[in-house]
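Only one structure is covered here, and it is reproduced in the block below.
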Amino acid sequence: MWEYTDKVMEHFWNPRNVGEVENPDGLGEVGSIACGDALRLTFKVDENKRITEAKFKSFGCASAIAAASALTEMLKGLTVEDAEKITNQDIAASLGGLPKQKMHCSVLGEQVLEKAIAYYRGNPADNKEEMICECFGVTELEIQKALKENN
Amino acid sequence: MDRIYLDNAATTQPAPEVIEAMLSCLRKTYGNPSSLHSVGLEARGLIESARRKMAAFINASPDEVIFTGSGTESNNTVIKGIALSLQDKGNHIISTAIEHHAVHAPLSFLEEQGFKVTYLPNDDEGLVDPDDLKKAISEKTILVSVMHANNEIGTIEPIRELGAICRERGIYFHTDAVQTFGHLPIDVQEMNIDLLSASAHKLYGPKGIGLLYARKGVKIKPLLHGGDQEKRRRASTENTPGIAGFAKAVELAATEMEREALRQTRLRDRLISALLELVPESRLNGHPKLRLPNNINMSFAYVEGEAMLLNLDMQGISVSTGSACTSASLEPSHVLAALGLTQELSHGSLRFSLSRSTTEEEIEQVISTLTPIIAQLRAMSPLYRKQAVK
Amino acid sequence: MDRIYLDNAATTQPAPEVIEAMLSCLRKTYGNPSSLHSVGLEARGLIESARRKMAAFINASPDEVIFTGSGTESNNTVIKGIALSLQDKGNHIISTAIEHHAVHAPLSFLEEQGFKVTYLPNDDEGLVDPDDLKKAISEKTILVSVMHANNEIGTIEPIRELGAICRERGIYFHTDAVQTFGHLPIDVQEMNIDLLSASAHKLYGPKGIGLLYARKGVKIKPLLHGGDQEKRRRASTENTPGIAGFAKAVELAATEMEREALRQTRLRDRLISALLELVPESRLNGHPKLRLPNNINMSFAYVEGEAMLLNLDMQGISVSTGSACTSASLEPSHVLAALGLTQELSHGSLRFSLSRSTTEEEIEQVISTLTPIIAQLRAMSPLYRKQAVK
Ligand SMILES: Cc1ncc(COP(=O)(O)O)c(C=O)c1O
Ligand SMILES: Cc1ncc(COP(=O)(O)O)c(C=O)c1O
Ligand code: FES
Ligand code: FES
């Protein structure tokens, strides 16, 4: 049904950087009740504000896993300022594209990155621990916006 | 290694005998059954002999059997056809929450046109309660449609009782038997069925050919208007090769159905008990006993259906899932929701559906392949971690 | 002697290559195209590649091609689907007197629901006049449906002109191309077609599979409600073997259509001129030039169609007739009536429809077989005797 690129499948089969960074500087979680996926991102930053390590955990489909995996690869070596510029389209592009209906899985990546950076800057309030039960995930609007941007 | 195909509720591989029957028809019985010359008469003969076979199989008379293009078409014909022909009598239809889209979608269409539909609830194993039907019936009820067995969770509904209630009240009773036709015995007389839908590709027959049983005297308007085929109940040049294949599939079912039901039930129960034992926080969806012999539907907490499905596929095993991530609409299964499953558990569901060719070895292979896949995906899941520290 | 099959307008014998393609699909590509695993993806791939072939064949884009279960289903989908989605805009539809039942019957159904239908007249060779269309269009017109070529008399209608008129007025234009698809070139852009119906079994493809072209942006409600197949425009598990066979038939047509049209036109004209010459009081029905390459429809005064048909059949030749006696309704052909034929001449009509396998020898055989049959039947006819003594 979905036409996944080889790149998506490659990341799905061999996801990079699965797990959690110890004592993370950045931490974010998002979950979309609408499609039941959840994503957690942690990263570590060195003295030059460069991301040295990024890890993820994902409860989601192949796109969600591949998008998270690709994101962690993109993050490594970037300054936080540069990392902030990454959009869901960049993530999708690095995978050779995603099926239209699955673009929101990459939106999750953008969202979790925003949250992790906010945490890093000292706004951990953005991160509620009880995700899934509290729907603060990607909204319909955001998905539609992402779809439009990608058309 | 040969592929292990366990998605037979989605569709089956046509039996070799079925392919043979189709091939012979494609080569030799190519006439238009409406043509008067001998090439046409031969085709006509093939269809009428197939019709008699179908009728005998469900204890109907040949006149009551209409060939259609799919199970979906049969359902649409019944629902819209009865609505149209009985709209003067009433505008109320009763169905259930767990019907296939091929029943729900035409019902929604009718609701847009002003019809009222009551969706009966079910218990947490998927069973509909005949008492609920009794309560739901009103003066305006013109049709009751309850599926024989559910395609996702395999639960078998109490059709005979439901049918008896309708018969007593003089209301037409339809059952979507797409999942049971050729797998479980069906007797339309004994089970009080007025209308029944079936689809050949679920019983090792070809895709693109369906059946509609309509008891003599049931008033129904056709969905396809045109020529005089099927006694004006369904226009279109008849799909003779499809009908030939369907008839052969029914012939096979008649001889092996009973034996296969027992055999597959054994394999089914082995897979269920092994997974329940080996995978913590797993559960069976649907009824443990009143269940299609070939259906296993289970949820594995903290993992996502599509991820399991693709991992299994990589290792040569085909299954399906009720996960939203795998449906075009990205909506989670309405059937699992109707069982009261949380979204999360519904996302972690897999359906294995067996066939006449499924072996014991294959079942063991599935058990030993799936268990580590789930462990590995759980290690990756943010939900699992939380649960673990709790 | 091999049978001479000249009833190809009713249905054709599937080409060996078509049967091969279906066989391979039945054996290997058995998955459900909606399934996510690789067995399903393979089936999905087959369908999408077939869709691209279909689209290229008529200069459409793949998204505009919908697979259905028959030509009848395509026609019903268009007529009822447009009526339903545009009923707020108007309730007037324009068609012709000589359409197939698969157009007339859904139109009658709509008339029962309160829609108004104008049936354009035609000249005595079956041609519709674009000026008549212009005059018939009103503010309330939502659809115009005119067949590409007539199935009984073979007359080819001026589709491009009719389409241009509709395009200019912003009215949807549908053509039933069941008789021309794969036999005459079709370019939906150039011919101003918004909607088009076709059926595989008329071009050496399988029965039970149809096509509906719907130009991007055309609003149409589905006839079959259910799953998400065909982008929600036609629910039902896809008939993959049928689609595979249809695609192969189109592939064949793309390579041989032009050559065959010339070859069959030659055979057609030979049969017409020989019979006109050899059989007194015979006439050609339909247009002599604007005519399907494979269609011959002639009337032989004083004899009855069924009698000729059965005599020919006895001698191994399959043809059809417009005679009432051969139709289930016993009504004489509405098409021949629309040409202004008397009932008597209409009763004495035969249709010969050629195919890619028809040979010159076969045509000569028909000529030498039919002539004495007619003579013999006329000797038996009270009408003929009377005529003779006059
Ligand atoms: C219960 C049920 N009803 C209806 C259908 C529709 O059948 P088809 O796809 O042949 O139209 C299916 C299967 O897809 C089914 O499982
Ligand atoms: C012009 C025309 N339209 C529609 C049809 C109906 O096609 P089908 O029988 O495949 O539904 C036919 C042939 O039967 C036809 O000749
Ligand atoms: S995680 Fe649900 S669709 Fe991607
Ligand atoms: S003569 Fe018998 S039906 Fe016409």
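The values are calculated or read from the model by the stated rules, or taken from the named source; none is laboratory data. All values reported here derive from a predicted model rather than from experimental measurement. A quick note on method: Cβ atoms are made from the backbone with ideal geometry, for glycine too, and the neighbour counts reach across all protein chains shown. Accessible surface is based on the protein model in full, side chains and every heavy atom, while ligands, DNA and RNA are left aside. Shrake-Rupley method; radii C 1.70, N 1.55, O 1.52, S 1.80 Å.
Candidates are the residues of the range C:30-70 that are facing another protein chain (nearest Cβ under 10 Å) and among the β-branched types (V, I, T); the one that is nearest to C:Q179 (Cα to Cα) is C:T68.
Between B:N192, B:N239, the distinction of being outside the structural domain of B:R291 (by TED's automatic domain parsing), away from ligand 4 (no atom under 16 Å from the Cβ) and surrounded by 24 or more Cβ atoms within 10 Å (Cβ to Cβ) belongs to B:N239 only. Screening B:K221, B:K231 for residues that are out of contact with any strand residue (DSSP E or B) (no Cβ under 7 Å at 6 or more places or on another chain) and assigned to a loop (DSSP other than H, G, I, E, B) leaves exactly one candidate, B:K221. Residues in the range C:72-107 that are more than 30 Å from C:D228 (Cβ to Cβ) and open to solvent by 10 Å² or more (accessible area, probe 1.4 Å): C:N91, C:H92, C:A97, C:H100, C:H101, C:H104. Contact annotation: residue pairs with Cβ atoms under 6 Å, 6 or more positions apart or on different chains, pairing a residue in the range C:94-111 that is within 7 Å of chain B (Cβ to nearest Cβ) and away from ligand 4 (no atom under 16 Å from the Cβ) with a partner that is open to solvent by less than 10 Å² (accessible area, probe 1.4 Å) and hydrophobic (A, V, I, L, M, F, W, C), are C:P106/C:I79. Does the range C:1-19 hold any residues that are at the interface with chain B (Cβ under 10 Å from one of its Cβ atoms) and either in a helix (DSSP H, G or I) or under 21 Å from B:D7 (Cα atoms) (or both), and which are they? Those that are at the interface with chain B (Cβ under 10 Å from one of its Cβ atoms) and either in a helix (DSSP H, G or I) or under 21 Å from B:D7 (Cα atoms) (or both): C:P16, C:V18, C:I19.
Each row is one residue, and each column tells you yes or no for (1) touching a Cys at 6+ places or on another chain (Cβ under 9 Å); (2) within 16 Å of ligand 3 (Cβ to nearest atom); (3) within 18 Å of B:P62 (Cβ to Cβ); (4) in a strand (DSSP E or B).
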| residue | (1), (2), (3), (4) |
| --- | --- |
| B:E168 | no, no, no, no |
| B:V178 | no, no, no, no |
| B:A198 | no, no, yes, yes |
| B:G217 | no, no, yes, no |
| B:S236 | no, no, no, no |
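Of all residues in the range B:79-89 being touching a Phe, Trp or Tyr at 6+ places or on another chain (Cβ under 9 Å) and away from chain C (no Cβ under 12 Å), which is farthest from ligand 4 (Cβ to nearest atom)? Looking at the filtered set, the residue picked out is B:A83.
Can you find even one residue in the range B:73-92 that is on the phi > 0 side of the Ramachandran plot, out of contact with any strand residue (DSSP E or B) (no Cβ under 8 Å at 6 or more places or on another chain) and in a loop (DSSP other than H, G, I, E, B)? Within the range B:73-92, not a single residue is on the phi > 0 side of the Ramachandran plot, out of contact with any strand residue (DSSP E or B) (no Cβ under 8 Å at 6 or more places or on another chain) and in a loop (DSSP other than H, G, I, E, B). A residue that is open to solvent by 10 Å² or more (accessible area, probe 1.4 Å), among the basic types (K, R) and within 22 Å of the chain's Cα centre (by Cα) occurs somewhere in the range B:50-71. For first residues located in the range C:335-354 and more than 22 Å from C:Y5 (Cβ to Cβ) and touching a residue at least 60 places away in the same chain (Cβ under 8 Å), partners that are among the hydroxyl-bearing types (S, T, Y) and more than 16 Å from ligand 3 (Cβ to nearest atom) and lie 6+ apart or on another chain with Cβ distances below 8 Å form the pairs C:L336/C:S299; C:L336/C:S346; C:L336/C:S349; C:L345/C:S299. Counting only residues that are assigned to a helix (DSSP H, G or I), touching a helix residue (DSSP H, G or I) at 6+ places or on another chain (Cβ under 7 Å) and over 24 Å from C:Y213 (Cα atoms), the range C:36-52 holds 1 of them. Here B:I193, B:I243 are screened, and the one residue that is of a type in the set (A, V, I, L, M) and either over 28 Å from B:L41 (Cβ atoms) or within 14 Å of the chain's Cα centre (by Cα) (or both) is B:I193. Does the range B:261-273 contain at least one residue that is within 14 Å of chain C (Cβ to nearest Cβ), under 21 Å from the mean Cα position of the chain (by Cα) and either modelled with pLDDT of 95 or more or surrounded by fewer than 19 Cβ atoms within 10 Å (Cβ to Cβ) (or both)? Scanning the range B:261-273, I find no residue that is within 14 Å of chain C (Cβ to nearest Cβ), under 21 Å from the mean Cα position of the chain (by Cα) and either modelled with pLDDT of 95 or more or surrounded by fewer than 19 Cβ atoms within 10 Å (Cβ to Cβ) (or both), so the answer is no.
Within the range C:93-107, being touching a strand residue (DSSP E or B) at 6+ places or on another chain (Cβ under 9 Å) and not in a strand (DSSP E or B) holds for C:A97, C:I98, C:E99, C:H100, C:A102, C:V103, C:H104, C:L107.
Of all residues in the range B:20-29, those being open to solvent by 10 Å² or more (accessible area, probe 1.4 Å) and more than 8 Å from every other protein chain (Cβ to nearest Cβ) number 5. Please state which one of B:E277, B:E362, B:E331 is more than 14 Å from every other protein chain (Cβ to nearest Cβ) and free of Cβ contacts under 8 Å to residues at least 12 places away in the same chain. After applying the criteria, what remains is B:E277. The combined condition, being within 30 Å of C:T255 (Cβ to Cβ), under 17 Å from the mean Cα position of the chain (by Cα) and not in a strand (DSSP E or B), is fulfilled by C:M147.
Mind listing just one residue for me: the one in the range B:201-219 that is over 24 Å from B:D7 (Cβ atoms) and either of a type in the set (D, E, K, R) or more than 14 Å from every other protein chain (Cβ to nearest Cβ) (or both) and, of those, surrounded by the most Cβ atoms within 10 Å (Cβ to Cβ)?
Only one residue tops the list, namely B:Y213.
Quick check on the range A:46-60. Is at least one of its residues more than 16 Å from ligand 1 (Cβ to nearest atom), facing chain B (nearest Cβ under 10 Å), touching a Cys at 6+ places or on another chain (Cβ under 9 Å) and not aliphatic (A, V, I, L, M)? The answer is yes, given that some residue of the range A:46-60 is more than 16 Å from ligand 1 (Cβ to nearest atom), facing chain B (nearest Cβ under 10 Å), touching a Cys at 6+ places or on another chain (Cβ under 9 Å) and not aliphatic (A, V, I, L, M). For the range C:194-229, a residue qualifies if it is closer than 23 Å to C:R27 by Cα and within 16 Å of ligand 1 (Cβ to nearest atom), and the qualifying residues are C:G208, C:I209, C:G210, C:Q229. No other residue among C:Y213, C:Y204 is under 18 Å from C:A149 (Cβ atoms), assigned by TED's automatic domain parsing to the domain that holds C:S85 and in contact with a Pro (Cβ under 9 Å, 6 or more places away or on another chain) apart from C:Y204. Of the helices (runs of 4 or more DSSP H) entirely within the range B:276-357, those holding at least 1 residues that are charged (D, E, K, R) occupy B:305-314, B:343-347. Using the structure shown, decide if A:M9 is free of Cβ contacts under 8 Å to residues at least 40 places away in the same chain, surrounded by fewer than 24 Cβ atoms within 10 Å (Cβ to Cβ), more than 16 Å from ligand 1 (Cβ to nearest atom) and not charged (D, E, K, R). So A:M9 does not fit the description; no. Filter the range B:313-323 down to residues that are over 20 Å from B:D269 (Cα atoms) and either surrounded by fewer than 24 Cβ atoms within 10 Å (Cβ to Cβ) or of a type outside the set (G, A, S) (or both) and give me whichever is farthest from the other protein chains (Cβ to nearest Cβ). Per the stated criteria, the residue is B:Q315. Looking at this structure, is C:A253 within 14 Å of chain B (Cβ to nearest Cβ), in contact with a Leu (Cβ under 6 Å, 6 or more places away or on another chain) and not in a loop (DSSP other than H, G, I, E, B)? It is false that C:A253 is within 14 Å of chain B (Cβ to nearest Cβ), in contact with a Leu (Cβ under 6 Å, 6 or more places away or on another chain) and not in a loop (DSSP other than H, G, I, E, B).
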